[in-house]
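Before any comments, here is the structure.
Where a number appears in this text, it was derived from the coordinates with a stated rule and is not lab data. Quick caveat, the model's predicted, so the values are computed rather than measured. All Cβ positions, even for glycine, are placed from backbone atoms using ideal geometry, and neighbour counts span all protein chains on display.
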Amino acid sequence: MQIENHSLANEFPEHKERIHDLKMSDMHFLRLFNEYHDVDKEVHHFESGAEATSDEHLEALKVKRLHLKDQLFVILNAQPA
């Protein structure tokens, strides 16, 4: 089974430079980015079969990842100050 790459650069390639800039200048964005990355890594870990988990736990992680991605997307699309 092929596992999709959900890195932010892959999810929002048109915002790659803005992602970098915000990571350097916006601590809130950086915190959300890091949390997104950690959750995505955990999802990938379970999806790859490295460790077993319940379907409910995996789905909860995916929902958390989606909520974080939504929050990051709002920031990425906000007008620069």
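Exactly one residue among Glu51, Glu42, Glu56, Glu35 is outside any loop (DSSP other than H, G, I, E, B), loosely packed, with under 11 Cβ neighbours inside 10 Å and among the acidic types (Asp, Glu), and that residue is Glu56. Only residues that are in contact (Cβ under 8 Å) with a residue 24 or more places away in the chain, more than 11 Å from Leu72 (Cβ to Cβ) and not aliphatic (A, V, I, L, M): list them for the range 1-27, please. His6, Ser7 - these are the residues of the range 1-27 that are in contact (Cβ under 8 Å) with a residue 24 or more places away in the chain, more than 11 Å from Leu72 (Cβ to Cβ) and not aliphatic (A, V, I, L, M). Between Leu68, Leu61, Leu30, the distinction of being within 13 Å of the chain's Cα centre (by Cα), assigned to a helix (DSSP H, G or I), without any contact (Cβ under 8 Å) to a residue 24 or more places away in the chain and crowded, with 16+ Cβ neighbours inside 10 Å belongs to Leu61 only.
Within the range 1-27, restricting attention to residues that are more than 14 Å from the chain's Cα centre (by Cα) and of a type in the set (A, V, I, L, M), the residue that is farthest from Leu58 (Cα to Cα) is Met24. Closer than 16 Å to Asn10 by Cα and touching a Ser or Thr at 6+ places or on another chain (Cβ under 9 Å): does that describe Asp70? Criteria not met by Asp70.
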